[in-house]
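In what follows, a structure is listed as structure tokens, so that the remarks can point back to it.
The values are calculated or read from the model by the stated rules, or taken from the named source; none is laboratory data. Note that the structure is predicted; figures quoted are calculated from it, not measured. Neighbour counts are summed over all protein chains in view; Cβ atoms, including those assigned to glycine, are modelled from backbone coordinates with ideal geometry. Note: areas computed on protein heavy atoms with side chains; ligands, DNA, RNA excluded. Shrake-Rupley method; radii C 1.70, N 1.55, O 1.52, S 1.80 Å.
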Amino acid sequence: MASESCDRSLPGAIRAGYRWKSKPGSSSDLRILFVTDHYPPEASAPAVRCSTHAKRWIARGHQVTMLTNFPNYPDGKVFGGYRQSLYKRETYETVDVLRVPTLVFPNRGAFLRILDYLSFVVTASLASPFVARPDVVIATSPHIFAAVAGWIVSRVHRRPFVFEVRDLWPDSIIAVGAMKEGRLMNLVRRVESFLYRHSDLIVTVTHTTRDVLASRGIDAGKIVVITNGADTTKLAPGCAPSSLREKLGVENKVVVSYIGTVGMAHGLQLILDAADECLTRVPEAQFIIVGSGAEREELQQQAERRGLRNVLFVGRVSHDETIDYWHLSDFTLVLLKNTPLFKTVLPSKVFEALATGTPIITNVRGELEHLLEPLGAAEMIEPDSVEALVNAIGELARDPARRHLLAANAATGGKRYERTALADSMLEALQRLCPGKPEESDRPDRGLAQDKTG
């Protein structure tokens, strides 16, 4: 992966000189500063969405800078090829990326995670005066502290603030049991309300979230819905390499996959309990869990203790590598804990499953159910029911004609959620927010210098 980068570890590296790249005739192009705590090479849903949108906007002639941290999610370890320093500026897949250091801890315990989040607020805010003045500042959640950093950055530059709401915080961390109601959560709720009220534009990824915000008194006129989707230029139906089947030892198995974050929200204990039953009831089923997160180590140890030889943990892979695992899957599991909040969500993995023509078994009700039912691409099961999951796995494992029908319906439905079109819709919302452009004299030439030597 080609990347131009510079890595500075001394305060003297911060100096005037960075300018936005400009082109003749580009006075109407937007200069977008995007604040996010997740960005590639991380393969999380927020990282992929931010990257896809940024690359599309650049292809449309606009200019984007990502203000983010050093990649460490979901394991809380800085990725190979990176080391924390005062800052790092690089061009990553055509996108200008400025990385700032944070407190990085293994993904265990809410207190340490919050320290990590708060450190990003501090370092991103401190870096913002040295970034050339944009036309608009976007910040995306989760987590809400990234949005705090985005709002501060927008005030530094006196530019409109766009809040992209992927999850309702702090409701989501309370729902999974990571935190409890109390004074701290009350404070976070006040911060959340402040950000909603002081946003110039709010982008939600589900209609239900939009309705929840409107019911809380947030101006519905400044909320737009841009759902998640999939990059259909990369994600399409296909076959996994035979070498992958051989490597994993699944040549004669029906592959039941889970692809995504192995986190507290997903209730993946259900997979192990179902796998235990399938050892005798559906012996042809092989479960493959692709991804990492706060729960992976415990679940893997438990699978070993229980002798679940039909469960394989692959661990973290790049987003490009996940394509082979989608193609390997005879069907995939989309699971969440049974809590009312999760009726408002649309897990990003659903759109990748649709794009690759992968049949789905899901226990998620609400907005996801309303999306999938008309497509005929999924089997819906009762939440928290091991028996229902085992029955659904057994029926699909032994009915290839049904799998083929679900796969065809998925591939057809997936075309409705092409990520490029969704990026264009968000760009249109940004352009409506910024109809006029500031004079060039209003753009100070200050910033973090980018080393052109590579």
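Quick one: would you say Glu93 is crowded, with 20+ Cβ neighbours inside 10 Å and charged (D, E, K, R)? Steps first, answer last, please.
Values: crowded, with 20+ Cβ neighbours inside 10 Å: no; charged (D, E, K, R): yes.
Criteria not met by Glu93.
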> Among (1) surrounded by fewer than 20 Cβ atoms within 10 Å (Cβ to Cβ); (2) closer than 25 Å to Gln431 by Cα, where does Thr233 come up short?
Replying inline: (2)
>> Go through the range 359-391 and report how many residues are open to solvent by less than 10 Å² (accessible area, probe 1.4 Å) and more than 15 Å from Gly267 (Cα to Cα).
In response: 6
> Of the residues Glu277, Glu284, Glu304, which is at pLDDT 95 or above, in contact with a strand residue (DSSP E or B) (Cβ under 8 Å, 6 or more places away or on another chain) and not hydrophobic (A, V, I, L, M, F, W, C)?
Replying inline: Glu284
>> Looking only at the range 67-81, how many residues end up being touching an Asp or Glu at 6+ places or on another chain (Cβ under 9 Å) and outside any loop (DSSP other than H, G, I, E, B)?
In response: 2
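With respect to Phe120, is the statement that it is out of contact with any His (no Cβ under 9 Å at 6 or more places or on another chain) and either in a helix (DSSP H, G or I) or not basic (Lys, Arg) (or both) true?
On the way: out of contact with any His (no Cβ under 9 Å at 6 or more places or on another chain): no; either in a helix (DSSP H, G or I) or not basic (Lys, Arg) (or both): yes.
No; evaluated as a whole, the condition is false for this residue.
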>> Can you find, within the range 131-148, the residue that is modelled with the lowest pLDDT among those that are in a helix (DSSP H, G or I) and of a type outside the set (Gly, Ala, Ser)?
In response: Ile144
>> Under 7 Å between Cβ atoms, which residue pairs at least 6 apart in sequence (or on different chains) link something in the range 312-329 that is within 12 Å of Ser44 (Cβ to Cβ) with a partner that is hydroxyl-bearing (Ser, Thr, Tyr)?
In response: Arg316/Ser292
>> Where the second residue is modelled with pLDDT of 95 or more and among the aromatic types (Phe, Trp, Tyr) and the first is closer than 23 Å to Cys239 by Cα and lies in the range 357-376, which pairs have Cβ atoms under 7 Å and are six or more apart or on separate chains?
In response: Thr358/Trp326; Thr358/Phe331; Pro359/Phe331; Ile360/Phe331; Ile361/Phe331
> Based on what the data block shows, is Leu354 under 24 Å from Arg49 (Cβ atoms) and open to solvent by 20 Å² or more (accessible area, probe 1.4 Å)?
Replying inline: no
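So which of Val64, Val48 ends up being in contact with a helix residue (DSSP H, G or I) (Cβ under 9 Å, 6 or more places away or on another chain) and part of a strand (DSSP E or B)?
That would be Val64, the only listed residue that is in contact with a helix residue (DSSP H, G or I) (Cβ under 9 Å, 6 or more places away or on another chain) and part of a strand (DSSP E or B).
I'd like to verify a number: residues in the range 149-169 that are part of a loop (DSSP other than H, G, I, E, B) and closer than 26 Å to Glu367 by Cβ, how many? Let's see the steps before the verdict.
Step one: of the range 149-169, the residues part of a loop (DSSP other than H, G, I, E, B) are 158-160, 166-169.
Next cut, closer than 26 Å to Glu367 by Cβ only: 166-169.
Qualifying residue count for the region: 4.
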> So which residues in the range 267-313 are farther than 24 Å from Trp326 by Cβ and touching a Gly at 6+ places or on another chain (Cβ under 7 Å), if there are any at all?
Replying inline: Arg281
> If Leu389 satisfies every condition in (1) at pLDDT 95 or above; (2) within 19 Å of Leu235 (Cα to Cα) but one, which is the exception?
Replying inline: (2)
> Which residues, counting only those in the range 25-61, are surrounded by fewer than 24 Cβ atoms within 10 Å (Cβ to Cβ), under 14 Å from Thr420 (Cβ atoms), touching a strand residue (DSSP E or B) at 6+ places or on another chain (Cβ under 7 Å) and not aromatic (Phe, Trp, Tyr)?
Replying inline: Lys55, Ile58
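Somewhere in the range 247-259, is a residue open to solvent by 40 Å² or more (accessible area, probe 1.4 Å) and in contact with a Gly (Cβ under 7 Å, 6 or more places away or on another chain)?
Going through the range 247-259, the residues open to solvent by 40 Å² or more (accessible area, probe 1.4 Å) turn out to be 247, 249, 251-253.
Restricting the remaining residues to those that are in contact with a Gly (Cβ under 7 Å, 6 or more places away or on another chain) gives none.
Within the range 247-259 (the criterion being open to solvent by 40 Å² or more (accessible area, probe 1.4 Å) and in contact with a Gly (Cβ under 7 Å, 6 or more places away or on another chain)), the answer is no, since none of the residues qualifies.
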> Given the conditions (1) under 28 Å from Leu187 (Cβ atoms); (2) open to solvent by less than 10 Å² (accessible area, probe 1.4 Å); (3) β-branched (Val, Ile, Thr), which single one is not true for Val148?
Replying inline: (2)
>> Looking at Glu321, Glu304, Glu295, can you tell me which residue is closer than 25 Å to Met380 by Cα, open to solvent by 20 Å² or more (accessible area, probe 1.4 Å) and of a type in the set (Asp, Glu)?
In response: Glu295
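Would you confirm whether or not the range 99-109 contains a residue that is part of a loop (DSSP other than H, G, I, E, B) and in contact with a strand residue (DSSP E or B) (Cβ under 6 Å, 6 or more places away or on another chain)?
Yes.
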> Can you find even one residue in the range 248-263 that is assigned to a helix (DSSP H, G or I), at pLDDT 95 or above and farther than 28 Å from Arg155 by Cβ?
Replying inline: yes
>> Can you find a residue that is surrounded by 24 or more Cβ atoms within 10 Å (Cβ to Cβ), free of Cβ contacts under 8 Å to residues at least 60 places away in the same chain and in contact with a helix residue (DSSP H, G or I) (Cβ under 6 Å, 6 or more places away or on another chain) anywhere in the range 97-120?
In response: yes
> Take the residues of the range 194-217 that are assigned to a loop (DSSP other than H, G, I, E, B) and surrounded by 18 or more Cβ atoms within 10 Å (Cβ to Cβ): which is modelled with the highest pLDDT?
Replying inline: Ser199
> So Leu406 clears everything in (1) touching a residue at least 60 places away in the same chain (Cβ under 8 Å); (2) in a helix (DSSP H, G or I); (3) open to solvent by 20 Å² or more (accessible area, probe 1.4 Å); (4) touching a Pro at 6+ places or on another chain (Cβ under 9 Å) except one condition, right? Which one?
Replying inline: (3)
> Pick from the range 279-292 the residues that are in contact (Cβ under 8 Å) with a residue 60 or more places away in the chain and outside any helix (DSSP H, G or I): which of them is most open to solvent (accessible area, probe 1.4 Å)?
Replying inline: Glu284
